[in-house]
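The values are calculated or read from the model by the stated rules, or taken from the named source; none is laboratory data. Owing to the predicted nature of the structure, the values given are computational and were not obtained by experimental measurement. Neighbour counts are summed over all protein chains in view; Cβ atoms, including those assigned to glycine, are modelled from backbone coordinates with ideal geometry. When the accessible area is computed, the model is the full protein with side chains, heavy atoms only, and any ligands, DNA or RNA have been set aside. Shrake-Rupley method; radii C 1.70, N 1.55, O 1.52, S 1.80 Å.
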Number of protein chains: 4
Amino acid sequence: MSSKALAIIAGVGPGTGASIARRFAKSYSVVLLARNPASYDPVVQEIKASGGQAIGISTDVADGNSVNSTFDQIAKQFPSSPLAAAIFNPSGGFSKKPFLELNEEEFSQALEFQAKGGFHFARRTLPLLLEAKDKISYPPTLIFTGATASVKGSAQFATFATGKFALRALAQSLAREFGPQGVHVSHSIIDGVIDIARTKGYTFEHEDAKLSPDAIADSYWYLHTQPRTTFAFELDLRPYIEKW
Amino acid sequence: MSSKALAIIAGVGPGTGASIARRFAKSYSVVLLARNPASYDPVVQEIKASGGQAIGISTDVADGNSVNSTFDQIAKQFPSSPLAAAIFNPSGGFSKKPFLELNEEEFSQALEFQAKGGFHFARRTLPLLLEAKDKISYPPTLIFTGATASVKGSAQFATFATGKFALRALAQSLAREFGPQGVHVSHSIIDGVIDIARTKGYTFEHEDAKLSPDAIADSYWYLHTQPRTTFAFELDLRPYIEKW
Amino acid sequence: MSSKALAIIAGVGPGTGASIARRFAKSYSVVLLARNPASYDPVVQEIKASGGQAIGISTDVADGNSVNSTFDQIAKQFPSSPLAAAIFNPSGGFSKKPFLELNEEEFSQALEFQAKGGFHFARRTLPLLLEAKDKISYPPTLIFTGATASVKGSAQFATFATGKFALRALAQSLAREFGPQGVHVSHSIIDGVIDIARTKGYTFEHEDAKLSPDAIADSYWYLHTQPRTTFAFELDLRPYIEKW
Amino acid sequence: MSSKALAIIAGVGPGTGASIARRFAKSYSVVLLARNPASYDPVVQEIKASGGQAIGISTDVADGNSVNSTFDQIAKQFPSSPLAAAIFNPSGGFSKKPFLELNEEEFSQALEFQAKGGFHFARRTLPLLLEAKDKISYPPTLIFTGATASVKGSAQFATFATGKFALRALAQSLAREFGPQGVHVSHSIIDGVIDIARTKGYTFEHEDAKLSPDAIADSYWYLHTQPRTTFAFELDLRPYIEKW
């Protein structure tokens, strides 16, 4: 394949991940990661059909070996493509449950997908982003998707909040370590219901009450284009009617 | 003058305010407010020279009568122009001084310029922004400029921090009240030295160590273009090498 | 009067201020400040009746002259009493109102009582606290009373939130400047309804749903007794059933 | 052994844990948990020598089986002792290292000790605390020890910060779920160097520059004695000269 710059998006389902993939595919070849090909295949097809370059690779971000094998494959397929952007967006670990009903495996799910997943993803993308610095138009960018639970540990959300708080800590630490090396590390707090197939049934008194995945993707693209003089670290996104 | 939509920028000097004015002048007629015509005149001339529409009005944001008279004048000059964006960006009240050496007037400066200034500005712009809702392309937007001192009260910064904390409180309260009415209220935290004439002498070990006023202006424009499904409230902007 | 150490409490009504006064009167002579003698007289009488030393002085904390005259009077009455603790606890400026219905005077009330009041009070107490350092058993202490509105600008709370955010900024700045000089500056966030005469009518599903003013006073006393190796800056206090 | 109420302290070494154990042993039988008996044996002996009741149990908080076996043993040894307080204080997972030099095991250490450790400890103590409610003098209390890294992800601290952020998320979630059930859940942020054997060599320009473990223990005891009308969730503790 070409040496057009790359964007890698981890966590591509029918929602935000797909919109991010479509948005970044306007400028880059995109690599879509999800556990299940069914999650990324339609998006890959759609991007290719509209003239973009995209591949999907089945990856379990919580599993270091899986992530390593994915990145080895990417290196083979795109030997000379600089990595312009890496987006960490997996949804794994969301749950609401009384604390005393959680077993260790359930409690650990968000830590595995979010915190360890973030670690595996960052460890493989950061060296590529550092290398890409002088080969691409914008500062190489690593964005983590957060949630309300990134900054608030609500009752019965111990699982998701521990994972999302940990991911935010990781993002902050990486921003402070790799920002001065020219990599733009950002964290977005998605605070509200996203408008995707799964949430079609959620109705609200007001229209436009759900976050638009395309608008989230536009925000990520905007973060990517910021010059290094003026990096945003954190962006909170919510619908106009959201209570917060 | 025409009924092109308006943007009003309070606090226009040679730095961020001027960049914001230039950026918004690409789409709107802009009204520039500053205490001293010397602050806005060059920007007004520059915008007009490049084909844009701009006027400046001498205004002391800390003085309710001055703000009222300014908005009465705007209403006369632009009787049918919807207000698309209002940016509150005055720098008044910055000071560093041992607390016990402050007199009441010095202590109150940031409260006057930032908190009361924000009040006067919001009171006159919000009704216009609410009215503009269905007449402009993007959600009507009110943006407040914050600083490091908006979230951290450092030693010897009691004056500036009280003003900037208060302004952030105002922004949050307005976002929660007027967001659901369709007005996008945002607050940006400018964390670092801005690259303007006054800071030319500040040198850093690394290049690009100062915030670009044009990039700040681009971020404000980006906030303005977000759809109401996906509003950002707070954006922190800093140079890549900034310690935080 | 004796040279027993002093505690000065600004903002003494029938609630938290009275409890703080009673608690600190167990160890110190207490000076109670309120605009209206009716606010402090019953507490002064009660403390004296139980063997303590107390006086009240009518003071408007928002008015620098009033505060100065009060401290001049204190200096005359207690010429050799070191100041062990100063508590800033005025309630002025609470209001809930749609933003566009606020006039400047209403908007400014919390800025006057909380921010400027805090300034006036700190300016006169800090020199006394610094002087007292080696003359009292515990580190000299300056405590500011905050509220939910100190960290959250809710809709229609622009007035109170600007005042309380500003007061928290002041407290942070003073803690960072005067902590290293041995003065313990603290800020408490009172998050809930306080159990006082005025709130008797507020009923809740659960018992003990209101904050106990005596328990708040105990917390303030606890802060006062912390050694300088181990100062707490911020303490959030709420009833067990409070949603937050 | 007697049916005196119990306090269980996880993470007892020569520092804060030992001080907490001594403080709570003034009122309760104490159970000290650490991986290595060498960590708790001297404290157990000291408490017993001064007339208190104490036992130590080797426990790896990161290992659910180890924690379960410990609590089974506690249930046997203290069949009728209500659990008054549980303190989670393990130090595991502290490290400073460039991110790209971390392997998965190193990265995961703080997640294991802090986040999963906190989960295992909370899961076994909360049912006992709920049961104890009407049998003890103060509200049953669960306190988690945090650090600067609980609220700031510094460069090269990805490991410790992810663990400590996650633990804070857990504490928040539990406070919101179990507070209304009468259990006082708290989180303390220890911000500075603690004065223990290991830090004897750290010298500072000023005296009293290190946190006193006994003063931290006093603060934990103070939290424990708060009535349910007036619970503190978060307490930040630092030496007077600390920069923050």
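Things to note:
- Exactly one residue out of B:Asp195, B:Asp134 is more than 7 Å from chain C (Cβ to nearest Cβ), over 27 Å from B:Ser81 (Cβ atoms) and among the charged types (D, E, K, R), and it is B:Asp195.
- For region D:221-244, the set of residues classified as polar (S, T, N, Q), at the interface with chain C (Cβ under 7 Å from one of its Cβ atoms) and touching a residue at least 24 places away in the same chain (Cβ under 8 Å) consists of D:Gln226 only.
The rows are residues; the columns are (1) at pLDDT below 95; (2) surrounded by fewer than 23 Cβ atoms within 10 Å (Cβ to Cβ).
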| residue | (1), (2) |
| --- | --- |
| D:Met1 | yes, yes |
| D:Lys4 | yes, yes |
| D:Val31 | no, no |
| D:Asn65 | no, yes |
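- Flag set for D:Pro42, criterion: surrounded by fewer than 22 Cβ atoms within 10 Å (Cβ to Cβ) and over 30 Å from A:Asn65 (Cα atoms).
- Applying the criterion of being free of Cβ contacts under 8 Å to residues at least 60 places away in the same chain and open to solvent by 60 Å² or more (accessible area, probe 1.4 Å) to the residues of region C:83-105, the residue that is farthest from C:Thr59 (Cα to Cα) is C:Leu100.
- D:Thr145 facing another protein chain (nearest Cβ under 8 Å), open to solvent by less than 50 Å² (accessible area, probe 1.4 Å) and within 18 Å of the chain's Cα centre (by Cα): no
- Within region C:172-183, being within 7 Å of another protein chain (Cβ to nearest Cβ) and open to solvent by less than 10 Å² (accessible area, probe 1.4 Å) holds for C:Ser173, C:Leu174, C:Gly179, C:Gly182.
- Any chance C:Tyr202 is within 7 Å of another protein chain (Cβ to nearest Cβ) and surrounded by fewer than 22 Cβ atoms within 10 Å (Cβ to Cβ): no
- Per-region count, region C:45-69, residues among the β-branched types (Val, Ile, Thr) and more than 16 Å from the chain's Cα centre (by Cα): 2
- Any hit, region D:211-220, residues being within 25 Å of C:Asp195 (Cβ to Cβ), buried (at least 21 other Cβ atoms within 10 Å of the Cβ) and under 18 Å from the mean Cα position of the chain (by Cα): yes
- Criterion (open to solvent by 20 Å² or more (accessible area, probe 1.4 Å), over 22 Å from D:Phe144 (Cα atoms) and in contact (Cβ under 8 Å) with a residue 60 or more places away in the chain) met by exactly one of D:Gln53, D:Gln77: D:Gln77
- Residues within region A:148-165 that are of a type outside the set (Ser, Thr, Tyr) and open to solvent by 30 Å² or more (accessible area, probe 1.4 Å), tallied: 5
- Residue within region B:69-80 that is in contact with a Ser or Thr (Cβ under 6 Å, 6 or more places away or on another chain) and under 30 Å from C:Leu102 (Cα atoms) present: yes
- Here region B:111-126 is the region considered, the condition is being more than 9 Å from chain C (Cβ to nearest Cβ) and touching a helix residue (DSSP H, G or I) at 6+ places or on another chain (Cβ under 6 Å), and the residue that is nearest to B:Ala161 (Cα to Cα) is B:Gln114.
- Filter result for A:Arg168 (facing another protein chain (nearest Cβ under 7 Å), buried (at least 24 other Cβ atoms within 10 Å of the Cβ) and charged (D, E, K, R)): yes
- Of the residues making up region B:221-243, those that are open to solvent by 20 Å² or more (accessible area, probe 1.4 Å), farther than 25 Å from D:Ala155 by Cβ and not polar (S, T, N, Q) are B:Trp221, B:Tyr222, B:Pro227, B:Arg228.
- Within the span defined as region D:122-139, every residue fails to be open to solvent by less than 30 Å² (accessible area, probe 1.4 Å), in contact (Cβ under 8 Å) with a residue 24 or more places away in the chain and of a type in the set (Phe, Trp, Tyr).
- Test result for B:Ala149, in contact with a helix residue (DSSP H, G or I) (Cβ under 9 Å, 6 or more places away or on another chain) and small (Gly, Ala, Ser): yes
- Filter result for D:Glu106 (among the acidic types (Asp, Glu), more than 21 Å from the chain's Cα centre (by Cα) and closer than 19 Å to D:Leu167 by Cβ): yes
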